[in-house]
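Undergrad: Please find one structure pasted underneath; my questions will follow.
The values are calculated or read from the model by the stated rules, or taken from the named source; none is laboratory data. Given the structure is predicted, the values throughout are model-derived calculations rather than measurements. Using ideal geometry, Cβ is built from the backbone for each residue, glycine included, and neighbour counts are taken over all protein chains shown.
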Amino acid sequence: MKNRYDVVEMLLNQGAEPNAQDINGGTALHRTIWEGDNHMIVCVLCDKGANVNGTDTEGRAPLFVAALQGNTRCVKALLDRGADVHLFKKDPKWSKCAIHIAARKGHDEIIRLLVKAGADVEVPDPIEGWTPLHEASYGGTPKRARL
């Protein structure tokens, strides 16, 4: 097998639990996104019942991880399957949502996808009050601030 898609699909068809968590609260969906552009595996996991908005112990939902990683195809796959663009990373010291992190990292296409899906470009984070514009400016690229 050239990729893990076939193995993942086979395991899911045999009854593997798509929402099983590791010691950090991460699911197969989280791990798949952390490992790179595996959007087809993201699709099969979601289609077989993976919680598209489930968070790990650090409060990261799969959409947040995909935005952090700059993984445009995984972001699109998650949005197509109902990922919530308004979920904040749940952390008492640092709380951002996917559009904040995409703006900070300069992931322009992801910002466009999130906005098209309804992300609020004016939403302040609940800890520092920073908006995606603050994040883009902090990231240092004027082009990002224009998005």
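Undergrad: List every residue pair whose Cβ atoms sit under 7 Å apart, with the two residues 6 or more apart in sequence or on different chains, where the first one lies in segment 9-33 and is farther than 22 Å from K89 by Cβ and the second, anywhere, is surrounded by fewer than 17 Cβ atoms within 10 Å (Cβ to Cβ) and of a type in the set (G, A, S).
TA: none
Every residue, every condition in (1) within 10 Å of the chain's Cα centre (by Cα); (2) closer than 27 Å to D108 by Cβ, yes or no:
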residue: G15; (1), (2): no, no
residue: W34; (1), (2): yes, yes
residue: K48; (1), (2): no, no
residue: V52; (1), (2): yes, yes
residue: E58; (1), (2): no, yes
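Undergrad: Let me ask you something else. Pull out all pairs, ordered by first then second residue, where Cβ-Cβ is under 7 Å, the residues are six or more apart or on different chains, the first lies in segment 38-59 and is in contact (Cβ under 8 Å) with a residue 12 or more places away in the chain and closer than 14 Å to A20 by Cβ, and the second is of a type outside the set (V, I, T) and part of a helix (DSSP H, G or I).
TA: Note: pairs meeting the criteria are L45/A28; L45/L29; K48/L12; A50/A28; A50/L29; D56/H30.
Undergrad: For segment 78-109, what are the residues that are in a helix (DSSP H, G or I) and over 10 Å from the mean Cα position of the chain (by Cα)? Break it down into steps so the answer makes sense when it comes.
TA: In the first step, residues of segment 78-109 are kept if they are in a helix (DSSP H, G or I); the result is 78-80, 98-105, 108-109.
The answer is D80, H100, A103, R104, K105, D108, E109.
Undergrad: Give me a count of the residues in segment 13-31 that are touching a helix residue (DSSP H, G or I) at 6+ places or on another chain (Cβ under 7 Å) and in a helix (DSSP H, G or I).
TA: Residues meeting the conditions: 3.
Undergrad: Out of the residues in segment 112-128 that are of a type in the set (A, V, I, L, M) and part of a loop (DSSP other than H, G, I, E, B), which is nearest to D91 (Cα to Cα)? Walk me through how you get there before you give the answer.
TA: Filtering segment 112-128 for residues of a type in the set (A, V, I, L, M) gives 113-115, 117, 119, 121, 123, 127.
Those left that are additionally part of a loop (DSSP other than H, G, I, E, B): 117, 119, 121, 123, 127.
Values: A117: 24, A119: 20, V121: 21, V123: 17, I127: 9 Å.
Among residues in segment 112-128 that are of a type in the set (A, V, I, L, M) and part of a loop (DSSP other than H, G, I, E, B), the one nearest to D91 (Cα to Cα) is I127.
Undergrad: Can you say whether V85 is closer than 25 Å to V44 by Cβ, in contact with a His (Cβ under 9 Å, 6 or more places away or on another chain), modelled with pLDDT of 95 or more and β-branched (V, I, T), as far as the supplied structure shows?
TA: On the way: closer than 25 Å to V44 by Cβ: yes; in contact with a His (Cβ under 9 Å, 6 or more places away or on another chain): no; modelled with pLDDT of 95 or more: yes; β-branched (V, I, T): yes.
Here the answer is no, as V85 does not meet what is asked.
Undergrad: Would you be able to say whether some residue in segment 58-66 is modelled with pLDDT of 95 or more, small (G, A, S) and more than 19 Å from Y5 (Cβ to Cβ)? Quick ask: steps written out before the conclusion?
TA: At the first step, the residues of segment 58-66 found to be modelled with pLDDT of 95 or more are 61-66.
Narrowing the set further to residues that are small (G, A, S) leaves 61, 66.
This time we only want the ones that are more than 19 Å from Y5 (Cβ to Cβ), so: 61.
Yes, that holds for at least one residue.
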